[in-house]
1. Only one of T120, T83, T102, T40 is closer than 30 Å to L163 by Cβ, surrounded by fewer than 21 Cβ atoms within 10 Å (Cβ to Cβ) and in the same structural domain as C7 (by TED's automatic domain parsing). Can you tell me which?
2. Can you name the number of the only condition in (1) in contact with a helix residue (DSSP H, G or I) (Cβ under 9 Å, 6 or more places away or on another chain); (2) touching a residue at least 12 places away in the same chain (Cβ under 8 Å) that L134 fails?
3. I need the full set of residues from the range 43-70 which are touching a Ser or Thr at 6+ places or on another chain (Cβ under 8 Å) and surrounded by fewer than 16 Cβ atoms within 10 Å (Cβ to Cβ), in order please.
4. Do we have any residue at all in the range 148-162 that's buried (at least 20 other Cβ atoms within 10 Å of the Cβ), modelled with pLDDT under 90 and among the acidic types (D, E)?
5. Identify the single condition in (1) modelled with pLDDT under 95; (2) farther than 19 Å from G210 by Cβ that M25 does not satisfy, given that it satisfies every other one.
6. Please name all residue pairs, on different chains or six or more residues apart, with Cβ atoms under 7 Å, provided the first residue is in the range 150-166 and is closer than 15 Å to S86 by Cα and the second residue is basic (K, R) and surrounded by 12 or more Cβ atoms within 10 Å (Cβ to Cβ).
7. If you check every pair at least six apart or on different chains, which have Cβ atoms under 7 Å apart with a residue in the range 43-65 that is of a type in the set (A, V, I, L, M, F, W, C) first and a residue that is not in a loop (DSSP other than H, G, I, E, B) second?
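The values are calculated or read from the model by the stated rules, or taken from the named source; none is laboratory data. Bear in mind the structure is a predicted one, so any value in this text is a computation, not a measurement. Glycine also receives a Cβ, built like all others from the backbone with ideal geometry; neighbour counts cover every protein chain displayed.
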Amino acid sequence: MRILQICHKPPQPSRDGGCRAMDAMTRGLIADGNTVKVLTIATEKHPWLPEELSEEYMAQTRIEALKVDTELNRVDALSNILTGDSYNISRFFSSEFDRLLTDVLRKEVFDLIIFESLFTAPYLKTVRHLSDGLAILRTHNVEHRIWEQMAQETDALTKRLYLKHLAERLRGYEVNALKDFDALASISEDDTRHFKSLGCDSPIFFVPFGLDEKELPPPCLVQRSSPFTWAPWIGLPMYKASSGSLTRFGLWFGANYRKLNCSWPDAISRKNMPFLLPEFACLAKSKMHGP
C-alpha cells in the first residue's frame with residue numbers, strides 16, 4: 001500500500017511522546033511492507049534536523065519538511081476571536097506547506113493518507129481535491145479536553161476566560177473534523193469512547209503505539225525481588241496538563257510506594273522539568289531521563 005503520512009512535527013529525532021507515536025507508526029507500516037512517504041511541518045519548538053537522521057530512514061520515508069511559524073502571536077490571537085476560527089488549529093496552517101502537499105499529491109498516487117493529530121486537519125481539503133485515497137485522522141489526544149483542564153486549573157480570571165474560549169472553539173472544530181475523515185485511529189480506548197460520545201459516526205479503530213524491546217528500560221533498572229518492583233512514568237512536565245498529572249502521581253506514590261514494595265519511578269522526562277515548583281519535591285528521589 002502507498003501511504004502518505006502528514007505530521008505536525010518531525011517524527012525523528014523522537015523528542016517526546018508524540019514524535020515516538022508517529023515514528024512507531026512509520027516504522028510499523030514499513031515493516032509490514034508498505035511504502036510510506038512522510039511530509040512534516042517543522043517548528044521552532046520541533047525543528048527539522050536532517051543531520052540527526054539516518055540515511056536509511058531518509059531513504060525509506062523520503063521525508064520532506066517545511067518550517068511553519070506556529071509561535072503565539074497576540075494580533076493573530078485577537079483576530080481569531082473576531083473571525084470565529086480556532087487559534088490552536090489555524091497556527092498550523094501554512095499556504096507554503098499546502099503548496100508542498102499539492103506538489104506531492106500531483107506527483108504521486110496514494111492509497112491512504114494518515115493525518116497525524118488534529119493539527120493537520122486543515123490540509124484535508126487539499127487532499128480531498130487531489131487524491132482518491134482514504135483519509136484517516138490519527139488522534140493523539142482529545143485536544144479540547146486538554147484546554148478545558150488548563151482553563152479549570154488557571155486562577156487568573158482573564159487568562160482562565162481566554163483559555164475557556166480557546167477550548168470551546170477547539171471543541172467545535174474537533175467535533176466537526178471527526179465527521180470529515182473516512183476513519184479515525186484513536187491512541188487510547190478512553191479517547192475512542194469520548195469521540196463516540198461527541199457523535200462521531202465514522203469508523204474508529206483503537207491503534208495504540210508500542211516500543212521496540214531496545215527502547216524498554218534496561219534490566220538493571222528492574223529489581224527482581226518481588227513481582228512489582230518498578231514503576232515507570234512517561235510524561236512531559238513542560239505541559240501544564242502533564243505536570244498536574246505528575247504532581248498527583250507523585251503525591252499518591254509518595255504515600256503508597258511502601259505498600260506496593262516498589263522503587264521510585266525511573267522514567268520521568270527531564271524535558272523542561274520545572275525543578276523549582278515545590279510540589280515536585282515529593283519526587284526528589286526519582287531519576288530524570290530524556291533531553
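1. Among T120, T83, T102, T40, only T83 is closer than 30 Å to L163 by Cβ, surrounded by fewer than 21 Cβ atoms within 10 Å (Cβ to Cβ) and in the same structural domain as C7 (by TED's automatic domain parsing).
2. If we test L134 against (1) in contact with a helix residue (DSSP H, G or I) (Cβ under 9 Å, 6 or more places away or on another chain); (2) touching a residue at least 12 places away in the same chain (Cβ under 8 Å), just (1) comes out false.
3. Selection gives E44, K45, E64, K67, D69.
4. Within the range 148-162, none of the residues are buried (at least 20 other Cβ atoms within 10 Å of the Cβ), modelled with pLDDT under 90 and among the acidic types (D, E).
5. The one condition M25 does not meet is (2).
6. As it stands, the answer is none, since no pair meets every condition given.
7. These pairs meet every condition: W48/A42; W48/A65; W48/K67; I63/V38; I63/T40; A65/T40; A65/A42.
Let's see how each residue does on (1) surrounded by fewer than 18 Cβ atoms within 10 Å (Cβ to Cβ); (2) closer than 14 Å to E116 by Cα; (3) without any contact (Cβ under 8 Å) to a residue 24 or more places away in the chain; (4) not polar (S, T, N, Q):
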{"position": "H8", "(1), (2), (3), (4)": "no, yes, no, yes"}
{"position": "T26", "(1), (2), (3), (4)": "no, yes, no, no"}
{"position": "A77", "(1), (2), (3), (4)": "yes, no, yes, yes"}
{"position": "Y87", "(1), (2), (3), (4)": "no, no, no, yes"}
